[in-house]
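The structure under discussion appears below in the form of structure tokens.
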Amino acid sequence: MYLKRLDISDNALTSLPPDIGNLLQLQMFIANDNKITSLPPQIGNLHKLSILSVDNNELVDIPED
């Protein structure tokens, strides 16, 4: 069984671990209402991701990939 949906909203997180890029089957990732300032470049490894929601964060850096 693989993780396909992950919702970590409203947890006062300031960052995401690079290991997020290992969730290769992830299709939906929701991280709304945190304090995240940047997304790790490894998020580009999530080729099956169709929904990424990071509303209401403090993003200043988003990887190009």
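Where a number appears in this text, it was derived from the coordinates with a stated rule and is not lab data. What you see is a predicted model, and the numbers here were worked out from it, not measured in a lab. Neighbour counts are summed over all protein chains in view; Cβ atoms, including those assigned to glycine, are modelled from backbone coordinates with ideal geometry.
Along the charge dipole of the stretch 22-65, which of L49, I62, Q25 sits closest to the positive end, that is, farthest toward it, with unit charges on the beta carbon of Lys, Arg, Asp and Glu (+1, +1, -1, -1)?
Farthest along the dipole direction, towards plus: Q25.
Students often get this wrong, so try it: which of (i) 1.21; (ii) 1.02; (iii) 1.49 is Cα Rg over 2.2 N^0.38 Å as calculated from the structure shown?
Entry (ii).
Using a basic spin-label model with each label point 7 Å from the Cα along Cα→Cβ, how many nm lie between R5 and I51?
0.6 nm
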